[in-house]
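Let me begin by presenting the structure, written as structure tokens, before commenting on it.
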Amino acid sequence: MTSVFDDLVGQEHIIDTLKRAVTASRTGSESQEMTHAWVFTGPPGSGRSSAAIAFAQALICPNQGCGACNECQSAASGGHSDVEIIRTEGLSIKVEEIRELLTRVAWAPSMGGWRVVVMEDADRLTESAANALLKAIEEPGTRTVWLLCAPTLHDVLPTIRSRCRHLQLRTPSIEAVKDVLINGDKISPAMADFAARVSQGHIGRAKYIATNESVRSNRKVIMQLPFQLGSLAAALQAAQTLVDIATEEANKTSEDRDEKEIERLQEAYGKGATGRGMATGAAKAVKELEKEQKSRATRMVRDSIDGALLDLATFYRDVMMAQAGVTETMINSDMRSEIETYATSFPAHTTAQKMSAILEARNHLAMNAALLVTCEALTCELARK
Ligand SMILES: [Zn+2]
């Protein structure tokens with residue numbers, strides 16, 4: 001029989017634990033195998049939220065996670081009354097959002113089993129939000145299961161993580177990602193190989209690259225930047241290119257969605273309603289939504305730049321390996337001769353400096369540093385001879 005756990009690529013080591021928990025959960029009470037608070041950690045792209053959602057499906061499915069029944073499908077799409085999937089679009093999850101969530105999940109589960117909350121970005125909880133959540137997690141005899149996802153355990157407040165069971169996901173191998181692309185998504189072997197290699201086991205990114213021509217051509221532009229840093233002016237121009245490409249990529253995804261959301265909201269309020277109360281209510285809600293959309297767009301541009309920096313890091317990683325005489329495991333093997341030329345034109349010790357400059361820029365961006373200035377500081381560093 002197929003199972004929702006089949007889709008978790010490279011995570012065999014946690015699937016047994018999850019299956020045992022699902023079996024134990026049928027008794028309806030907590031046990032050694034089944035507890036009501038879990039933390040899923042793993043590097044970006046390892047599929048921590050996919051693992052948490054699969055677990056949520058299995059907990060409410062009459063067949064322990066068949067993936068095919070109504071329960072399984074509505075749980076995954078966010079339409080099941082006993083499953084809440086919290087996706088954060090903004091930079092943080094605020095205490096008001098957690099309080100609202102807690103009122104929603106205060107009711108007993110409608111199907112009589114468990115109510116499951118999947119929180120995809122538990123690392124974005126503000127401290128007060130985390131404390132509000134902690135009270136809910138500590139409550140005894142609750143029918144709610146909390147599945148928190150975060151990059152590492154350190155991203156979760158110690159008081160919360162000490163009450164959770166921890167599952168660590170691994171980065172799937174390039175071969176495993178390639179298999180999924182070929183067999184699951186019917187992508188050609190050559191494209192699957194390229195996408196799996198350059199995305200370094202990040203399965204979502206691999207799919208995105210394999211199925212998106214404009215993303216591939218943007219990536220090409222970014223990978224040429226190291227060769228275009230001959231002068232200060234050129235370095236500043238490269239920084240501008242990075243920001244422009246990231247903004248364009250992010251806008252393309254959000255514009256369409258933003259418009260639809262506003263339309264839906266206006267419909268909910270009854271478009272063209274004339275009552276005074278209605279009109280102000282709708283205007284206020286639209287304003288709130290626009291604010292949210294703006295914060296989401298900011299985050300998407302940041303995420304997009306971060307992706308570009310990760311791509312650049314793979315370039316310097318290949319250069320460093322080439323300078324050490326190792327060329328068989330090149331990530332960007334399609335750029336082999338360019339990388340080898342670069343490797344002989346620059347002293348090896350600057351490659352390490354360039355890689356740490358990229359890491360530093362990513363850290364600054366994660367702490368909300370100004371985009372263009374951060375990219376300019378980086379490209380000037382990358383321009384060093
Ligand atoms: Zn099912």
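For this structure, a couple of remarks:
- Taking the stretch 95-115 as the range and being in contact (Cβ under 8 Å) with a residue 24 or more places away in the chain and either open to solvent by 40 Å² or more (accessible area, probe 1.4 Å) or in a helix (DSSP H, G or I) (or both) as the test, the residues that pass are V95, E97, I98, R99, L102, A108, S110, M111.
- Counted as qualifying within the stretch 126-181 are the helices (runs of 4 or more DSSP H) with 2 or more residues that are under 18 Å from E100 (Cα atoms) and not charged (D, E, K, R), namely 127-138.
- For M320, the conditions (1) surrounded by 12 or more Cβ atoms within 10 Å (Cβ to Cβ); (2) of a type outside the set (S, T, Y); (3) within 25 Å of the chain's Cα centre (by Cα) are fulfilled apart from (3).
- Considering the stretch 56-66, and only residues there that are more than 7 Å from the ligand (Cβ to nearest atom) and open to solvent by 20 Å² or more (accessible area, probe 1.4 Å), the residue that is farthest from V22 (Cα to Cα) turns out to be I60.
- Any pair with Cβ under 8 angstrom, 6 or more apart, that starts in the stretch 314-340 at a residue that is free of Cβ contacts under 8 Å to residues at least 40 places away in the same chain and ends at one that is in a helix (DSSP H, G or I) and of a type in the set (K, R): T327/R336; M330/R336
- Taken over the stretch 16-38, the criterion of being farther than 20 Å from T142 by Cβ and away from the ligand (no atom under 16 Å from the Cβ) is satisfied by D16, T17, R20.
- Test: residue in the stretch 42-55 that is open to solvent by less than 20 Å² (accessible area, probe 1.4 Å), in a helix (DSSP H, G or I) and of a type in the set (S, T, Y): no
- Selection status of T41, within 16 Å of the ligand (Cβ to nearest atom) and in contact (Cβ under 8 Å) with a residue 24 or more places away in the chain: no
- Restricting the stretch 67-94 to residues that are open to solvent by less than 20 Å² (accessible area, probe 1.4 Å) and not small (G, A, S), the residue that is modelled with the lowest pLDDT: T88
- Scanning the stretch 220-240 for residues that are surrounded by fewer than 19 Cβ atoms within 10 Å (Cβ to Cβ) and part of a helix (DSSP H, G or I) yields K220, V221, Q224, F227, Q228, L232, A233, A234, L236, Q237, Q240.
The values are calculated or read from the model by the stated rules, or taken from the named source; none is laboratory data. A quick note: this is a predicted structure, and the numbers were derived from the prediction, not measured. No Cβ is skipped: glycine too gets one built from the backbone with ideal geometry, and neighbour counts run over all protein chains shown. Each accessible area value is taken on the protein alone, full model and side chains, heavy atoms only, with ligands, DNA and RNA left out. Shrake-Rupley method; radii C 1.70, N 1.55, O 1.52, S 1.80 Å.
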